[in-house]
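Participant: For reference, the structure I am asking about is given below.
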Amino acid sequence: MLFEDTYFTVKQAAEYTFADRGSKFIAFVYPITSESEIKPLINQLKTAHPKANHHCWGMRITPDRSVFKVNDDGEPSGTAGRPILNVMLSKNVTNTLIVVVRYFGGKLLGVPGLINAYKTAAEQGLAAAGIVEKVSSDVYSIDFDYLQMNDVMKILKDEGVNILEQHADNTCTIKIAVRKLKISQTINKLSSLYSVTTNYLYSI
C-alpha cells in the first residue's frame, strides 16, 4: 500500500441534539490537533451543562487508527465512548473530539438503545460539522544568506511549498510547510545549496 499524506477531519465545530424516550443526547464535535485540548473542552461542557447525567466522548489523533481514547463517563461499559469512536473510524475522520452530553429522561434505553443513541448523535454531529480532506505536512525553518534568496525561492516555487513566515535581512529565515510525500526531495534540494540550513520544527 502506498504511503498517503492526506487525512480527513472535521471542517468546524458543530453540535446536534438527538432525543430518545425522553433522554436528550447532545453531540459536540471539535477539530483538535493534540490531546491537551480535550480536558479544557470537556470542562467547558460540564460548566455549560452541570445538570447533565453523562459527558461521554471519543477522540482520534493522527491518521493512525490505533491512536484514540474513549470515555463512557458512568454509562455501561462500551455503550457510549466506543460507539462514538466507531463513527469516526467508519468515516475515517481523525484529529477530532466528539463529546455527547446526555440528559436522562427517566426511561432506561438498555444497551442496544444506548449504543444506537450515542452512535446516531455522533453521526449527525459529524454531518453538521462537515468533513474535509487535509494534507499532512512537516514545518521547517530555512536559514540562508540573502544572496541565495532567488535560488531558495525557485526551489520552493518548483516544489509547490507553502510559505508560512518570511524574514529577510542579510541572513534570511523562512518557515515552510512541506507535504510529507515531498519532504525528502525538497529538503535535499535546499540542503544542496551553499550555506542553507534546514531545521524540522513540527508536523501539521
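The values are calculated or read from the model by the stated rules, or taken from the named source; none is laboratory data. In this text the structure is predicted, and so the values were computed from the model without any measurement. Here the Cβ positions follow ideal geometry from the backbone for every residue, glycine too, while neighbour counts run over all protein chains shown. Surface accessibility is based on the protein's heavy atoms, side chains included, excluding ligands, DNA and RNA. Shrake-Rupley method; radii C 1.70, N 1.55, O 1.52, S 1.80 Å.
Participant: Got a number for residues in the stretch 1-49 being touching a strand residue (DSSP E or B) at 6+ places or on another chain (Cβ under 7 Å) and of a type in the set (Lys, Arg)?
Facilitator: The number of residues fulfilling the criteria is 3.
Participant: Run Lys157 past the list (1) under 30 Å from Val29 (Cβ atoms); (2) open to solvent by 60 Å² or more (accessible area, probe 1.4 Å); (3) outside any strand (DSSP E or B) and report the number of the one that doesn't hold.
Facilitator: Checking Lys157 against (1) under 30 Å from Val29 (Cβ atoms); (2) open to solvent by 60 Å² or more (accessible area, probe 1.4 Å); (3) outside any strand (DSSP E or B), the one that fails is (1).
Participant: May I pose another question? Any chance you could count how many residues in the stretch 69-84 are surrounded by fewer than 21 Cβ atoms within 10 Å (Cβ to Cβ) and in contact with a Lys or Arg (Cβ under 7 Å, 6 or more places away or on another chain)?
Facilitator: 1
Participant: Same structure, new question: Within the stretch 95-125, can you find the residues that are over 17 Å from Leu41 (Cα atoms) and β-branched (Val, Ile, Thr)?
Facilitator: The answer is Val111, Ile115, Thr120.
Participant: Moving to a separate point now. Check Tyr140 against each of (1) buried (at least 17 other Cβ atoms within 10 Å of the Cβ); (2) in a helix (DSSP H, G or I) and name the one condition it does not meet.
Facilitator: Exception for Tyr140: condition (2).
Participant: Among (1) buried (at least 20 other Cβ atoms within 10 Å of the Cβ); (2) free of Cβ contacts under 8 Å to residues at least 40 places away in the same chain, there is one condition Val99 misses while meeting the rest; what is its number?
Facilitator: Unmet for Val99, out of (1) buried (at least 20 other Cβ atoms within 10 Å of the Cβ); (2) free of Cβ contacts under 8 Å to residues at least 40 places away in the same chain: (2).
Participant: Can you work out which of the residues in the stretch 116-137 that are open to solvent by 60 Å² or more (accessible area, probe 1.4 Å) and more than 19 Å from the chain's Cα centre (by Cα) is nearest to Ile84 (Cα to Cα)?
Facilitator: Lys119
Participant: State whether the residues of the stretch 164-179 include one that is assigned to a helix (DSSP H, G or I) and open to solvent by 60 Å² or more (accessible area, probe 1.4 Å).
Facilitator: Residues of the stretch 164-179 that are assigned to a helix (DSSP H, G or I), as a first pass: none.
There is no residue in the stretch 164-179 that is assigned to a helix (DSSP H, G or I) and open to solvent by 60 Å² or more (accessible area, probe 1.4 Å).
Participant: Quick one: would you say Thr62 is among the hydroxyl-bearing types (Ser, Thr, Tyr) and touching a strand residue (DSSP E or B) at 6+ places or on another chain (Cβ under 6 Å)? If you could, list the steps in order and put the result at the bottom.
Facilitator: Numbers: among the hydroxyl-bearing types (Ser, Thr, Tyr): yes; touching a strand residue (DSSP E or B) at 6+ places or on another chain (Cβ under 6 Å): no.
Criteria not met by Thr62.
Participant: Cβ-Cβ under 7 Å, sequence separation 6+ or interchain: first residue in the stretch 29-55 and open to solvent by 30 Å² or more (accessible area, probe 1.4 Å), partner part of a helix (DSSP H, G or I). Which pairs?
Facilitator: Tyr30/Leu41
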